[in-house]
1. Quick one: how many residues across region A:272-295 are more than 22 Å from A:W145 (Cβ to Cβ) and either surrounded by fewer than 23 Cβ atoms within 10 Å (Cβ to Cβ) or aromatic (F, W, Y) (or both)?
2. Only one of B:I120, B:I71 is open to solvent by less than 10 Å² (accessible area, probe 1.4 Å) and in contact (Cβ under 8 Å) with a residue 40 or more places away in the chain. Can you tell me which?
3. For region A:200-209, give me each residue that is in a helix (DSSP H, G or I) and open to solvent by less than 40 Å² (accessible area, probe 1.4 Å).
4. For region A:1-51, give me each residue that is hydroxyl-bearing (S, T, Y) and not in a helix (DSSP H, G or I).
5. Restricting attention to region B:1-42, which residues are within 14 Å of chain A (Cβ to nearest Cβ) and more than 8 Å from DNA strand C (Cβ to nearest atom)?
6. Residues that are within 16 Å of DNA strand D (Cβ to nearest atom) and surrounded by 21 or more Cβ atoms within 10 Å (Cβ to Cβ): does region B:18-37 have at least one?
7. For region A:210-238, name all the residues that are assigned to a helix (DSSP H, G or I) and not polar (S, T, N, Q).
8. Please go through region A:92-108 and pick out each residue that is within 16 Å of DNA strand C (Cβ to nearest atom) and buried (at least 21 other Cβ atoms within 10 Å of the Cβ).
2 protein chains.
Amino acid sequence: MAERAGVSQSTVSRALAGSETITEATRRRVEQAAEELGYHVNARAAGLRKGQTGTIAIVVIGRAGQGAARINPFYYSLLGSTCAAAAERGFEALVSFQAEPEEFFGHYVARRQADGLVVIGTATNGAAWDYFRDRAKDSDEIAFWGSPFDDAVWVRSDNLSGGQQAVARLVAGGARDIVFVGDTNSTQRQFSERYDGYCQGMAAAGLTAHPPIESGGEDRVAQGREAVTRLLAQGTVFDGLFFACDAMALGALEELAARDVAVPGAVGVIGFDGLGTGEFSSPPLTTVEPDFAQAGRLLVQTALAGADEKIECRVPVRLVERASVG
Amino acid sequence: MAERAGVSQSTVSRALAGSETITEATRRRVEQAAEELGYHVNARAAGLRKGQTGTIAIVVIGRAGQGAARINPFYYSLLGSTCAAAAERGFEALVSFQAEPEEFFGHYVARRQADGLVVIGTATNGAAWDYFRDRAKDSDEIAFWGSPFDDAVWVRSDNLSGGQQAVARLVAGGARDIVFVGDTNSTQRQFSERYDGYCQGMAAAGLTAHPPIESGGEDRVAQGREAVTRLLAQGTVFDGLFFACDAMALGALEELAARDVAVPGAVGVIGFDGLGTGEFSSPPLTTVEPDFAQAGRLLVQTALAGADEKIECRVPVRLVERASVG
DNA sequence: CTGAAAGCGCTTACAG
DNA sequence: CTGAAAGCGCTTACAG
């Protein structure tokens, strides 16, 4: 290659890397030779020499025993935004889906496969989060979304504001007896923050907050369904429902329909996450959506920042109005 | 590191790579030293020397002007499955979302960032596919899903069988006037294959196939909505609708509900893609779903196989029964 | 502005 | 079974 352009290896390197100290004529010659030979710089060798990878690793945690195709779409959107944010900064994204303990791996930075690591995914996989919590102790180049602990570096939705916005909207729609559904002791820390937002919203409207409704079920959808069943069974009076996540709200919408409870006529419903699926439910689901692009950017920035500049980041949220509230 | 274990660099390398020619005692000593020092093999340097990257690049093509968070969930599922398939074979996955011409990039193999490239995503981004069609000319380590051309290496759903299954189910549900909705001249080649399956299914049932219904609209959902509007406007008699993709079917379901056409009472509806969103539509959407895990495996295998072993692959599909057909 | 040389951190023939 | 040496393909001081 150097031969073809009639220059040294160093010059080829400088020309292709866009160095300032190269004559335009030389650069053109080199570029033409590269074109003719179909030459591309070996990124691996370049990175080895430069000592940086230009790559960010992203791991998506799934539920044990479930395939990657069945990940909550929320995390897919977040993954997409994070990849896009990496690209914005000129970084590649190395992604892996991890659910089973034997596949847990987070030493991307130590192995020099990446300059930073972002971890997202379900908070319900405790073993996975324990593993990555340890990784945060080895390395500063790490950022979490939705981790079930507070002692590491994370990025989260502005859950307090989201909860307040949801309640305010429900109240504006005429609701007074609003209940929050979600386990506030859940591994998903964001749920209790959303409940706090709910409480503040209720107080601001001069209403009394109920304790949170927790329900079982093998996944969020089933939990939402069961919450409705329980509320109805125990004769709770309610005209507004705020769910800790959209998947629950979607299950609840099904259950409400099955029991002929009119939405939004008899009860207004709001979820959290901004799932695209909510566009097609019956009725379409009003939801609190985080700014995905911003979430991706903060995640990447945090993972790349290293120790000292670490901050706990909040991503702004907004209410997406659909038909499930009057 | 070699010092700490009291052996040579070569021995460290062999011990950690699991070479057979190493004493158990030596290996243990090396592993312990690595543990103590928090040493990890530099994957970049190892790969450089070995001449292989252990990585597969995956690019997801999006619609120009649309963020990564708004990609059709079908491609997210396919992405997840492809990453999982790569992991199964011990490969890392380098993923990027590309929509605008200035960000098109496919020289991962030439730059030695990956050993193979798989390209998936919307067929509607013509400029992107033109670009990657050219890449297929440079490199054999490439595989496409849903490419709008037939002259390169691709993996697709078994669309013929899918179309037949859909029609058979609609017929079993009592439908006789079944119409196919989707542009068979579309850039999405799979649509015309699905139409062919529809035609064969109709013939097998002794029914006469209608010409396909094509409709405009800025995205698939709008197209589905408009198709219903048009069918009703022109007074077509129909009791079964088979859509070329779920997104269209979802839009159609909304439009049918808005016009008080009962589903599945007055008309049975089936889509194609296996979108999770279809679980929550009203009614839940019956759909033809490809085997995602298998799709991922075939994509990875094809991208890695290289020139001679190239084959055009079909992924098996199955009918997912939900409530939109009687 | 350009070239010769060293070196990034590994793996792998080649000896022993 | 293990070590010394070469070399993977680049980039970057160091000279000129």
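1. Selection size over region A:272-295: 5.
2. Working: B:I71 fails: open to solvent by less than 10 Å² (accessible area, probe 1.4 Å).
That would be B:I120, the only listed residue that is open to solvent by less than 10 Å² (accessible area, probe 1.4 Å) and in contact (Cβ under 8 Å) with a residue 40 or more places away in the chain.
3. A:G201, A:M202
4. First pass over region A:1-51, keeping only residues hydroxyl-bearing (S, T, Y): A:8, A:10-11, A:13, A:19, A:21, A:23, A:26, A:39.
Answer for region A:1-51, where residues must be hydroxyl-bearing (S, T, Y) and not in a helix (DSSP H, G or I): A:S8, A:S19, A:T21, A:T23, A:Y39.
5. Across region B:1-42, the qualifying residues are B:A34, B:E35, B:E36, B:L37, B:G38.
6. Kept after step one, since they are within 16 Å of DNA strand D (Cβ to nearest atom), are these residues of region B:18-37: B:18-34.
When the remaining residues are screened for being surrounded by 21 or more Cβ atoms within 10 Å (Cβ to Cβ), the result is B:30.
Yes, the conditions are met somewhere in region B:18-37.
7. Let us first name the residues in region A:210-238 that are assigned to a helix (DSSP H, G or I), namely A:220-233.
Those that are assigned to a helix (DSSP H, G or I) and not polar (S, T, N, Q): A:R220, A:V221, A:A222, A:G224, A:R225, A:E226, A:A227, A:V228, A:R230, A:L231, A:L232, A:A233.
8. Quick first cut of region A:92-108, residues within 16 Å of DNA strand C (Cβ to nearest atom) only: A:107-108.
Matches in region A:92-108: A:Y108 only.
The values are calculated or read from the model by the stated rules, or taken from the named source; none is laboratory data. What you are looking at is a predicted structure, and each value in this text was computed from that prediction instead of being measured. As a convention, Cβ positions derive from the backbone with ideal geometry for all residues, glycine included, and neighbour counts pool all protein chains shown. Surface areas here come from the heavy atoms of the whole protein model, side chains and all, with no ligands, DNA or RNA. Shrake-Rupley method; radii C 1.70, N 1.55, O 1.52, S 1.80 Å.
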